[in-house]
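Everything below concerns the one structure shown next.
The values are calculated or read from the model by the stated rules, or taken from the named source; none is laboratory data. Model, not experiment: these values are computed from the prediction. Quick reminder, even Gly has a Cβ in these numbers, built from the backbone with ideal geometry, and neighbours come from all protein chains shown.
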């Protein structure tokens, strides 16, 4: 029997922002698969023009509610790089600790609240409150610890208040950090239980070779600043980010798209892990290997597992950082900034991949030009290419619409897209 | 969470209504919705008060039968006006959720440019893009029953307001400024630390969230009752802050849009000084 079937998912759920999936299959052959981004643009890059430098982190952090800390830190780094400010050890360590806890809260939110319901055959985390109370409580416990530590270091878990150009407005009490050390040690078991839970899930078997882009670790698994690297061998300096992202406009998206050596590339936890596996904490490496996740892995659904591996890494690295901080005697929290004309770029690995902020300043420190390149916008083209390959594979295997629909949504969710962020 | 449990809930011996609530987002960072999920310690208690029937960011199931609609974000495109009208029709109580919904929030910062074509060109070049010339609060298009201020909203305040709605109590927003809460918290005055602050004119209720971190207030909750912006301007000048610094804060979240417009006119300041050079 000849037939044309169309799968239309308008505003896919359990992702941040608004995107549509459309797949048309005729007589068992794929006609078209489309990933559409319909989010409204907010024009942050225009908004900041004419504003003094101190506005940049405060306003541009509001590009995203989930990774506002990452945006704030990328913005601060761009300003500091433009003005020639190098953060001292105390500030660098506190920023990394804050970054780690954002990574943990965001990954746990995605793994438990957004991704896990697909594997447990429910539409959201809410039915799990009754059916799997231990799972929900564990997620809440880890997330709360991460968020509480963000409050402690950054002043607030969302749109942080203490993070400023030159350092922090104030520092956490050391006795608070000691208490967080205990809580971080406690949740190590919860992370192993999380690994057990995900081991019971059937990760879809799908691979498509692509290029992975991330920061290049220099002695440590990278999060803030440094060289940019791709799995196809491209290496660039931080300030050359535009040659790494090559943004362009497409009809089906209000977000820009990116390409490098191939028609598309991927950023995010899987890209970071693929490019920097040897720099992960050994215990995190062990968890990774137990899932068969070794570089270079081309299964996009494994981004879920890469996030889990990073959770283990950031918790262990945070314990190291707290020990380091407790060994320092607190210095002045903030150094004054002296504006000057120039261009500054800040590259930061936020939960969904590498993020760039770039500002050009006049000699009074007013923004002349602003450019932000978001992880999810770099992933859109890769999502499109994956979706086409997946739909083609499903169609040739004669899969039912409902199965294709689920696999397609799970594919998009694996990227943990932050769509309103990508359009900004 | 199921219906039988809901029917059994009582308050002071009276059966308790369990409203069906829905969350929606227009142009925003979705951070205010996330604040609900960020409330790990009381999340389950909160969820036992209400039945969540629509929350796209967190759940696949959806229903258009709801009592309370929380709408985050500002209105920046024609399709959002239509979506908002449908939500208004369905909801008994429509809540403007967060500063973008209440005043336009940071999204209204684009409104200060007099040439919308320049704004579009700055991001999209010559490609045509659908967007309204200005970002507007919900109340410019539909009637709003309740406002929850803040960027982001404070989860404790959301809980308190929702509990009051469920119990049928009236909701009274603070009329006093952030400054009062800051003094109660025994913080050193930000002015004395050399930091600008809108605490004296901004509506309280956040427990001086930013000043507690030695970070001056940016007015995200809009003006307090009888806010004396003129006097603040005098004080800020005495402490050596420029008018531009005051303007940056007044115009950041849209709650002081009129004062900001006035100040900009007085300063004869072009919002985009570099338009001609780039």
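Taking the residues in the stretch A:26-48 that are away from every other protein chain (no Cβ under 14 Å) and surrounded by fewer than 24 Cβ atoms within 10 Å (Cβ to Cβ) as candidates, determine which candidate is farthest from residue A:4 (Cα to Cα).
Here the answer is A:34.
Can you confirm whether the stretch B:77-93 contains a residue that is touching a helix residue (DSSP H, G or I) at 6+ places or on another chain (Cβ under 9 Å) and either within 9 Å of chain A (Cβ to nearest Cβ) or crowded, with 24+ Cβ neighbours inside 10 Å (or both)?
No, the stretch B:77-93 contains no residue that is touching a helix residue (DSSP H, G or I) at 6+ places or on another chain (Cβ under 9 Å) and either within 9 Å of chain A (Cβ to nearest Cβ) or crowded, with 24+ Cβ neighbours inside 10 Å (or both).
Could you list all residues from the stretch B:189-205 that are in a loop (DSSP other than H, G, I, E, B), in contact with a helix residue (DSSP H, G or I) (Cβ under 9 Å, 6 or more places away or on another chain) and either over 18 Å from residue B:106 (Cα atoms) or touching a residue at least 60 places away in the same chain (Cβ under 8 Å) (or both)?
Listed by number, the residues that qualify are B:189, B:195, B:196, B:199, B:200, B:201, B:204, B:205.
In this structure, does residue B:81 turn out to be touching a residue at least 60 places away in the same chain (Cβ under 8 Å) and either assigned by TED's automatic domain parsing to the domain that holds residue B:19 or in a strand (DSSP E or B) (or both)?
Yes.
For residue B:258, state whether it is surrounded by fewer than 19 Cβ atoms within 10 Å (Cβ to Cβ) and under 19 Å from residue B:151 (Cα atoms).
So residue B:258 fails the test.
Tell me, which helices (runs of 4 or more DSSP H) lie completely within the stretch A:193-305 with 2 or more residues that are closer than 30 Å to residue A:80 by Cβ?
A:241-245, A:269-276
Looking only at the stretch B:133-168, count how many residues are outside any loop (DSSP other than H, G, I, E, B), over 17 Å from residue B:223 (Cα atoms) and modelled with pLDDT of 95 or more.
3
Taking the condition surrounded by fewer than 16 Cβ atoms within 10 Å (Cβ to Cβ) and under 24 Å from residue A:306 (Cα atoms), does residue A:234 pass?
Taking the combined requirement at face value, the residue satisfies it.
Do you know which of the residues in the stretch A:146-155 that are under 19 Å from the mean Cα position of the chain (by Cα) and at the interface with another protein chain (Cβ under 9 Å from one of its Cβ atoms) is surrounded by the fewest Cβ atoms within 10 Å (Cβ to Cβ)?
The residue in question is A:147.
May I ask you to say which residue of A:68, A:124 is facing another protein chain (nearest Cβ under 8 Å) and crowded, with 24+ Cβ neighbours inside 10 Å?
A:68
Could you please give the count of residues in the stretch B:103-131 that are touching a residue at least 12 places away in the same chain (Cβ under 8 Å) and within 9 Å of chain A (Cβ to nearest Cβ)?
10
Tell me, which helices (runs of 4 or more DSSP H) lie completely within the stretch A:340-424 with 2 or more residues that are surrounded by fewer than 21 Cβ atoms within 10 Å (Cβ to Cβ) and in contact with a helix residue (DSSP H, G or I) (Cβ under 7 Å, 6 or more places away or on another chain)?
A:401-414
Looking at the stretch B:233-256, which of the residues that are away from every other protein chain (no Cβ under 14 Å) and part of a loop (DSSP other than H, G, I, E, B) is nearest to residue B:189 (Cα to Cα)?
B:239
Kindly provide the set of residues from the stretch B:206-228 that are in a loop (DSSP other than H, G, I, E, B) and surrounded by fewer than 20 Cβ atoms within 10 Å (Cβ to Cβ), ordered by number.
Across the stretch B:206-228, the qualifying residues are B:207, B:225, B:226, B:228.
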